[in-house]
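Have a look at the structure below, then the notes.
The values are calculated or read from the model by the stated rules, or taken from the named source; none is laboratory data. Computed from a prediction, not measured in an experiment: that's the story for all the values here. Here the Cβ positions follow ideal geometry from the backbone for every residue, glycine too, while neighbour counts run over all protein chains shown.
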Amino acid sequence: MRPTIDWQDDRVVMIDQRKLPLEEVYVECRTEEEVAQAIETMVIRGAPAIGVAAAYGVALGVMKSDPMEEVDRQFDLIIQRLARTRPTARNLFWALERMKRVHAENRLLPCGALGLRLLREAQAMDEEDVETNRRIGAFGKDLIEDGDSVLTHCNAGGLATAGYGTAVGVIRAAFEEGKKVHVFVDETRPFLQGARLTAWELRELGVPMTLITDNMAGWMMKKGEVKLVITGADRIVRRGDAANKIGTYSLAVLARHHGIPFYVAAPLSTFDFRLRSGDEIPIEERPGDEVRRVGGSAVTLPDIPVRNPAFDVVPAKLISAIISERGIARPPYGKSLRVWQKASHT
């Protein structure tokens, strides 16, 4: 399998995650508009992967800019377009802010040279993300004991990142260390990222796993078949509340009721230290047909009213620990995350 996202011959190439696991198809984006549409339509998804894709989109847009027009204005329009794609994932805005800093430092360069400088920054983010995820796995693997069964939700593996994965990266690191691990994979309605993506990734890695529907999780916990839960995150605020794929909050409540640890794994680029409370996180509402249809087939009437929030927020009080490339933070998060907040400003 090729990388989740790559730069090839002045194009952004990404695996079409809508087609997995039945087809391995790659999409080539030649403009920032095509990158934006790929993010919006879930060709690529997962907060870290979205950030890297947006960075490549900025570089691509500047490199394809009209040299006869004012570069700063074109750059602003590129940033604005990509910023409209997915409102919840913090990594998107973190990546765009980083690209804006590079632009500000190099704005007097000719358009072509500026585009190449932005491309180098996007490629650096790509490479850094893989190493960051490996560090998350190295810290988090100690939370998994030999013989543990782990429940995870949505997809937080290599497909959701530039490579290796966050929550799946922790599981992967424990497995690579030789621990016997079994994973319960929530199918993750309505987009089925668990069934389509996480199950496929774990099969490719050789990690033992069982696919379950989302509404089976509580029963598996009650029967003692789940020892811990670990998920990724799309945005974490400074008091420790974490937004993740819809259904994560329910798992956190169930885990607390059954006395099971609930862990969140995410890079520092997912943290939004400007926000104090999870109530401040914007929650994306996606098209109703994602609920009305499954795999292209209707499961209800076409005019049935639908709510489709893509994310929910887990309160910090339900999170046993947060894992990042800086280590493991534990409650009270107002204190433990403050150290990471200072590190993010250095």
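Some values worked out for this structure:
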| read-out | value |
| --- | --- |
| Residue count for the stretch 53-68, restricted to those that are surrounded by fewer than 23 Cβ atoms within 10 Å (Cβ to Cβ) and within 12 Å of R98 (Cα to Cα) | 0 |
| Residue that is surrounded by the most Cβ atoms within 10 Å (Cβ to Cβ) [pool: residues in the stretch 323-339 that are over 14 Å from D272 (Cα atoms) and under 20 Å from the mean Cα position of the chain (by Cα)] | I323 |
| Pair list, Cβ under 6 Å, 6 or more apart: the stretch 175-196 residue within 16 Å of Q17 (Cβ to Cβ), other residue assigned to a strand (DSSP E or B) | V185/M209; V185/L211; G194/V185; G194/D186; A195/L211 |
| Helices (runs of 4 or more DSSP H) fully within the stretch 7-122 counting 3 or more residues that are among the hydroxyl-bearing types (S, T, Y), closer than 28 Å to S277 by Cβ and touching a residue at least 24 places away in the same chain (Cβ under 8 Å) | none |
| Hits in the stretch 296-328 - residues which are of a type in the set (A, V, I, L, M, F, W, C) and either closer than 18 Å to L192 by Cβ or touching a His at 6+ places or on another chain (Cβ under 9 Å) (or both) | A298, V299, V306, A310, F311 |
| Residue match in the stretch 144-163 (condition: without any contact (Cβ under 8 Å) to a residue 40 or more places away in the chain, of a type outside the set (S, T, Y) and on the phi > 0 side of the Ramachandran plot) | yes |
| Extreme residue, surrounded by the most Cβ atoms within 10 Å (Cβ to Cβ), among residues of the stretch 197-216 that are among the acidic types (D, E) and either within 14 Å of G157 (Cα to Cα) or touching a Leu at 6+ places or on another chain (Cβ under 8 Å) (or both) | E201 |
| Selected residue (only one of V264, V226 is of a type outside the set (S, T, Y), in a strand (DSSP E or B) and in contact with a Ser or Thr (Cβ under 7 Å, 6 or more places away or on another chain)) | V264 |
| Filter result for T4 (crowded, with 20+ Cβ neighbours inside 10 Å, at pLDDT below 95 and within 28 Å of L197 (Cβ to Cβ)) | yes |
